[in-house]
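Data block below; observations after.
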Protein chains: 2
Amino acid sequence: MKATIVDVAKESGVSVATVSRVVNGNYPVREKTRLKVENAIKKLEYVPNLQARELNTQRSSSIGVVVPSFDNMFFAQVLDGIEERLRRSSYSLLLACAQNDAAREEECVRDFITRNVSGVIVVSPNTETAVSEFYENTAARLPLVFVNSARELAGISYVTSDQRGGARAALEHLFHYGHERILFVQGENSDSYRIKEKVYREIMRERGAFHPEDIVNVGEGNRIETVENTMFILMDMMQGLAPTAIFCCNDLMAMGAVNACQRMGRRVPQDISVIGYDNTALSQYTAPKLTTIDQHMGDLGREAARLMLKQIEENVTENVMLANTVVERETTGFRME
Amino acid sequence: MKATIVDVAKESGVSVATVSRVVNGNYPVREKTRLKVENAIKKLEYVPNLQARELNTQRSSSIGVVVPSFDNMFFAQVLDGIEERLRRSSYSLLLACAQNDAAREEECVRDFITRNVSGVIVVSPNTETAVSEFYENTAARLPLVFVNSARELAGISYVTSDQRGGARAALEHLFHYGHERILFVQGENSDSYRIKEKVYREIMRERGAFHPEDIVNVGEGNRIETVENTMFILMDMMQGLAPTAIFCCNDLMAMGAVNACQRMGRRVPQDISVIGYDNTALSQYTAPKLTTIDQHMGDLGREAARLMLKQIEENVTENVMLANTVVERETTGFRME
DNA sequence: TTGAAAGCGCTAACAA
DNA sequence: TTGTTAGCGCTTTCAA
C-alpha cells in the first residue's frame, strides 16, 4: 500500500507533526531531524495526500472549467490560455464538457461543487442557464467566471471580447480600401452574429450605403458544411448584386466566400475583397490567406484564469473586455480594374 | 459557511449515519426519516464533500489526463473521446498540459499522484520519458494508459493507431487508380513519419518503383507554415520529376501539395492525385476536399478511457490498435489525359 | 525544536 | 431501522 505520513514518522522515529513540518517547510526543524525524515520519505516513496490536506485545511487547489464542446477550435484555444495561466499557480484544472446543453452544463457545475473546487470558469455559458437563478445561487457559494457571455449577473467576473469594435474595425478596413458596397454574411442562433449585424446596419446606414438585400444568412454557421453552404448561397446571390467586398461573421464563411469568388472567376482581392472573423488557424491555411479579425482567444482564457485567481484571493469580481483587432493577410485590398 | 453532514443531522434530528445512508441510498431508511433528511438537505443547500468521502473510502473518482499541447487539433479530438467515455462513468477528468516537454510531463503525472487520481492517461508520451524508469515506477503505483506511444512497458495499457496499415492502404488506394510514380512527403522528428516512410520504401521496392529522390522532407511538419513550405518545396521539386500522385504524411502537407499543383497549372485529381493523413477537420475545408486517412482520434480517446476503467476495475492491462482507414474525397482518382 | 492530540467531513462496522 | 464511534491522512494548536 501507499505510504502515509504515519509510515514516514515511524520509519524516521519522529512524530507525524514533525514529518508534516518537514514536508511543508513552514516551521523550524532541526537539520538532523529533517535529514532523517527526508531519507524515510525517499525510501518509502511517500507522496503526501492532497485530499487529506485539503480536507484538513478547508482549502482546495483545483478549478473547474466547463466548455460547451471540443470540436470547435475556439474552445481549445481558450482552454490553452486558461491552462497556461493556471500552471503558474498551484491550482489544477478539472475539465468538463457541457455538450452545448443547458441541463448538462448545470450538472457539470454541480459536480464541481461536490468536488470542492475553488471556483468555476464557464466558457460560453448557455444563454438559458446564464440568466437563471442557478448561477445566482452558485455565485453566492463560490467564485465564478464567465467567458464570452452576453448577460451579466452580480458576483460573477466576466471576460468578453469586443465584437462591436471588431465589426467596426472590419468595415473600416474595407472602407479604407475604397469599398462601399459590402455584403454581410452571417449565420443563425448566435448572439455574436446579432452583434455584428447591428453594427453593420448602423454603419452602412450612416453612410447611406445600406441595402437590406446585402445581408446574407447561411444557416448553421459553425459546421464543416458551412464553408460549402456559404459558397453555393453566395454564387447564387452574387449574380444580381455587384459588391466589391464581403464581410463574413467567421472564417468558415469567409473561406466559402473566397471559394465562391474563385469559382465565379473573380480574383481575390483584385476584383473583390473578403474579410473573416476569429483568426482561427484555418485562416492561414487557405490560399490566398484570409484577412480576418483576431479575437485573441488565448488571452481570453488567460484573463479568465487571472480573474478567477483574483476572485479567490481578494474576493473581488472584475469585468474585462478584450479588443478585437484586424489581421491583414491576402484577401483584402484596393480594387484593380 | 457550507453545510456539512453534521448540520443536516442536527437540522433533521437524526444521526450523521442516517444522513449518510439517505445521501448514498445504500442502506434501508424509513420513508418518513428519509423525507425529514431530504428536507433538511434542501433547506441547508447541503452538498456532500467528495474529498472527505474519498479520504474515508480510500477511493478516488478522478482520472488525470496529460496532453503534450493544445494547439494541435489531434489532441483536442482525443480529449473529446476521453471526456465522452468518462462522462458515462462517475469519474471526472483532471487535465494538464506537458508543453511538449519531458520534465514537465513527469511533473504533471506526479502532481496527479498527489491529487490521488485513480489513474493517469498520457497522450503521446514524450519518447524520452516513455522509456525511463519513471513510468515503470509509476505503473507499479497506479493504472496507466498510453495513447500513441511506440515503446511498450509492462503494467501499462496502450492504445495506438495502425499507421503501418494506414500507409499501406493509402498507397494501395493510389495503385488502384493506376498510379505508379508516387511522391512521398514527410517531415522531421516524429516516429509517425518514420513508420510511414518505412512502409513506403518497402512497398515501392517490391513493385520495383522506388526512387530515392521521390522522398521529400519539408522540415517541421506540424506548424501552420508547413502548408506553405510544402508548397514551395514541391513546386521546386516537381519541375524535374513527373509523379502522378503524392502521398503526404499529414493533411497540412497535403494541402500544401494541392496548392503547389494548382499554382503549377496541374488539375487535382485529373492530372495528379494527392492523399493526406489524419482526416483533420481541415481536410474538408479545402477545395477540392482532401482524400485522406482517418486515424479515428475520437475512438483513440474513447478506447483510452475504456482501458483505464478496465484497469481500475479489473486490474488488467490491454493493448489496442485501431485501424486507419481511407476517406475518399476529391483529390484522388484516375488520370485524365 | 518536538510531540500529543483534536478535528476537517465522511463512511461503515457494530450495537441496539 | 437507527445511532455510536473509529478512523481515512493530514495540519495545527498547545504544551513540553
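Laboratory data are not the source of any read-out in this text; all were calculated from the coordinates shown. These figures come from a predicted structure and were not determined experimentally. Virtual Cβ from ideal backbone geometry, glycine too; neighbours counted across all protein chains shown.
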Practice task
Classify the protein assembly as shown as rounded, prolate or oblate, taking a ≥ b ≥ c as the square roots of the eigenvalues of its Cα gyration tensor: rounded when a/c is under 1.5, otherwise prolate if a/b is larger than b/c and oblate if not.
Solution key: oblate
Handout entry: GNM result for chain A, Cα springs below 10 Å: residue of A:Glu31, A:Glu84, A:Glu54 fluctuating most strongly
Key = A:Glu31
Problem - Nearby aspartates and glutamates by direct alpha-carbon distance to B:Lys10 (threshold 15 angstrom, same-chain neighbours under 8 apart not counted) - result: B:Glu38, B:Glu45
Fill in the blank from the handout: Net charge near A:Leu50 (other residues with Cβ under 14 Å of its Cβ; Lys, Arg +1; Asp, Glu -1) is +3
Problem - Selection from B:Phe232, B:Asn222, B:Leu183, by position along the positive dipole direction of the range B:163-296 (Cβ) - result: B:Leu183
Exercise for the section: For a footprinting-style exposure proxy, rank B:Ile63, B:Ile203 by other Cβ within 10 Å, fewest first. Expected result: B:Ile203, B:Ile63
Handout entry: DSSP beta bridges in the protein assembly as shown [antiparallel fraction, %, rounded to 5]
Key = 10 percent
Practice task
Would you mind ranking B:Arg30, B:Arg194 so that the residue whose beta carbon has the fewest other beta carbons within 10 Å leads the list?
Solution key: B:Arg30, B:Arg194
Handout entry: Ascending count of other beta-carbon atoms within 10 Å, so fewest first, for B:Leu300, B:Leu252
Key = B:Leu300, B:Leu252
Problem - Under the span-like rule (Cα at least 15 Å along the axis, Kyte-Doolittle mean at least 0.0), DSSP H helices of chain A - result: A:73-87, A:225-237, A:251-263
Exercise for the section: Run through all the Cα pairs of the range A:86-173 and give the fraction in each 10 Å bin from 0, expressed as whole percent. Expected result: 15, 45, 26, 11, 3
Exercise for the section: Calculate the length of the line joining the C-alpha centroid of the range B:237-257 to that of the range B:104-173, in whole Å. Expected result: 32 Å
Practice task
Find how many whole Å separate the alpha carbon centroid of the range B:263-277 from the alpha carbon centroid of the range A:15-32.
Solution key: 69 Å
Fill in the blank from the handout: Inter-chain shielding metric for A:47-53, i.e. average beta-carbon neighbours from other chains within 10 angstrom, reads 6
Handout entry: Kirkwood-type radius of the range B:163-296, with distances r between different C-alpha atoms, in Å
Key = 14.4 Å
Practice task
With only Lys, Arg, Asp and Glu charged, each at its Cβ (+1 for the first two, -1 for the last two), find how big the charge dipole of chain A is about the Cα centre; round to the nearest 20 debye.
Solution key: 1600 debye
Problem - Links that overshoot a 24 Å alpha carbon limit, given the list A:Lys2/A:Lys43; A:Lys310/B:Lys42; A:Lys2/B:Lys310; A:Lys289/B:Lys289 - result: A:Lys310/B:Lys42
Practice task
Determine, from the Cβ-Cβ distance of B:Arg59 and B:Val316 and an R0 of 22 Å, the FRET efficiency 1/(1 + (r/R0)^6), rounded to the nearest 0.05.
Solution key: 0.70
Completion exercise
As straight-line cross-link partners of A:Lys198, the qualifying aspartates and glutamates (C-alpha separation under 16 Å, not fewer than 8 residues apart within one chain) are A:Asp162, A:Glu172, A:Glu188, A:Glu206, A:Glu213, A:Asp214
Practice task
Any aspartates and glutamates with Cα under 18 Å of the A:Lys32 Cα? List them, leaving off those in the same chain fewer than 8 positions away.
Solution key: A:Glu11
Exercise for the section: Any chance you could check the Cα centroid distance between the range B:317-337 and the range A:316-337 for me, in angstrom? Expected result: 38 Å
